[in-house]
Amino acid sequence: MTIELSDRQKQILGATINHYIATAEPVGSKAIATEYNLNVSPATVRNTMLLLEKSGLLYQPHTSAGRVPSDSGYRVYVDELVQPIPDVARKAETLLSERFRWGQQRLEVILRQAAQLLSDLSGYITLITLPNRLERQIRVIQLVALDPQQVMVILVLDTYETQSALIQLSQEEDPELRERTLQVLTNFLNHQLQGRSLVELSAIDWQKLDLEFQAYSQQLQSLLQQLSDRYSHQGTSFVISGLADVLQQPEFSQVEQVQMLLHLLEDQQDQLAPLISADSQAPSQVQIRIGKENTLAPMHSCTLVYSCYCYGDSPVGSIGILGPTRMPYARIIPLVATAADYLTEQVSRRK
């Protein structure tokens, strides 16, 4: 549901959320009127806050208390009002550049250090998924005839892992012609893909394949995609940092809630992985899940701000910051965006 707000309503909603983010206390109209130079009376602020409450953007936790933002209020704030702080991005980029010796350490070690830095800067939990195995490079592809109507495709990676699959031919071929065809196709595939990553299997230029071999191309395309999918759907591994810091936040004062969140982060990462996966329509953009937009119950009082990092142009992992819905979005959004861009640059350099 789209909620149309006047400029004044937006001002007061933004001021209310900013005040609540800073204090963690319900916000009264007098505080907004006196501290934010809106040039309106406390009565005007009070009436506007009442309208915002009726619209579902604010609510009163207690009858006599001030108001706090709802998930819907935060959504309007994030989509329309928040202004990311440029200095946060510059500081994060400088620290990432200064602290890490890319190419001199294993990638997992670098990602753990990056997660620690981001949790230090944000005060919240940092989640980084390790690059999925699509980043692994292709060492060799071989096509081998098994019988007159079956061909095995063998894929060897730079880790010397081997994957294989079968192509079923629609009709038998002369053995000599088939051997020549398979050798030409093997040479073509190795020329196109040797030294490239699994994620680049879809980049084969089939137009360079002579017309006489096109009969194989559709089956090969389908088969190579299947081999790629085998890796992309294997379990996601996480690097997690900042648990101790976020548990100091007042939102996590209840032991049961903390236990549920810890259980999710430590033992149910397979359920968490789909939430932090990049949007296929906008993989490079920062995405934000607020409160119950997170489908897992332990995260209903949390916000997850996340983006992907890429190998070349293809997403291979995600980076996110998880904290209470009362987080300083103006700082967290540029922090995640900068870290994702930096990881993309560095991961893409690793050969």
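The values are calculated or read from the model by the stated rules, or taken from the named source; none is laboratory data. Note that the coordinates shown come from a computational prediction; the quantities given were computed from them, not determined experimentally. Virtual Cβ from ideal backbone geometry, glycine too; neighbours counted across all protein chains shown. Ligands, DNA and RNA are stripped out before the accessible areas are found, and what is left, the full protein with its side chains, is counted by its heavy atoms. Shrake-Rupley method; radii C 1.70, N 1.55, O 1.52, S 1.80 Å.
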Output the residues belonging to segment 242-255 that are assigned to a helix (DSSP H, G or I) and not aromatic (Phe, Trp, Tyr). LEU243, ALA244, ASP245, VAL246, PRO250, GLU251, VAL255
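How many of the residues in segment 287-300 are among the polar types (S, T, N, Q) and either within 11 Å of LEU322 (Cβ to Cβ) or buried (at least 22 other Cβ atoms within 10 Å of the Cβ) (or both)?
Filtering segment 287-300 for residues among the polar types (S, T, N, Q) gives 287, 294-295.
Now narrow it down to the ones that are either within 11 Å of LEU322 (Cβ to Cβ) or buried (at least 22 other Cβ atoms within 10 Å of the Cβ) (or both): 294.
Number satisfying all stated conditions: 1.
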Failed condition for ILE110, given (1) assigned to a helix (DSSP H, G or I); (2) in contact with a Pro (Cβ under 9 Å, 6 or more places away or on another chain); (3) of a type outside the set (Gly, Ala, Ser), with all others met? (2)
Just checking, how many residues over segment 153-189 are more than 32 Å from the chain's Cα centre (by Cα), among the acidic types (Asp, Glu) and modelled with pLDDT under 75? 3
Verdict on LEU38 being at pLDDT below 90, surrounded by 13 or more Cβ atoms within 10 Å (Cβ to Cβ) and within 20 Å of ALA330 (Cβ to Cβ): yes
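Based on this model, can you work out whether ARG67 counts as open to solvent by 50 Å² or more (accessible area, probe 1.4 Å), within 35 Å of the chain's Cα centre (by Cα) and under 21 Å from LYS292 (Cα atoms)?
Numbers: open to solvent by 50 Å² or more (accessible area, probe 1.4 Å): no; within 35 Å of the chain's Cα centre (by Cα): yes; under 21 Å from LYS292 (Cα atoms): yes.
It is false that ARG67 is open to solvent by 50 Å² or more (accessible area, probe 1.4 Å), within 35 Å of the chain's Cα centre (by Cα) and under 21 Å from LYS292 (Cα atoms).
Condition check ((1) assigned to a helix (DSSP H, G or I); (2) modelled with pLDDT of 90 or more; (3) more than 15 Å from the chain's Cα centre (by Cα)) across all residues:
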residue	(1), (2), (3)
ILE240	no, yes, no
GLN257	yes, no, yes
MET260	yes, no, yes
ILE288	no, yes, no
LYS292	yes, yes, yes
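Conditions tested, residue by residue: (1) at pLDDT 85 or above; (2) open to solvent by 10 Å² or more (accessible area, probe 1.4 Å); (3) hydroxyl-bearing (Ser, Thr, Tyr); (4) not in a strand (DSSP E or B).
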{"position": "LEU117", "(1), (2), (3), (4)": "yes, no, no, yes"}
{"position": "THR126", "(1), (2), (3), (4)": "yes, no, yes, no"}
{"position": "ILE138", "(1), (2), (3), (4)": "no, no, no, no"}
{"position": "GLN142", "(1), (2), (3), (4)": "yes, yes, no, no"}
{"position": "ALA145", "(1), (2), (3), (4)": "no, yes, no, no"}
{"position": "VAL151", "(1), (2), (3), (4)": "no, no, no, no"}
Six or more apart or on different chains, Cβ atoms under 6 Å: show the pairs whose first residue is in segment 337-351 and closer than 15 Å to THR126 by Cα and part of a helix (DSSP H, G or I) and whose second is small (Gly, Ala, Ser) and modelled with pLDDT of 80 or more. THR338/ALA89; THR338/ALA92; ALA340/SER307
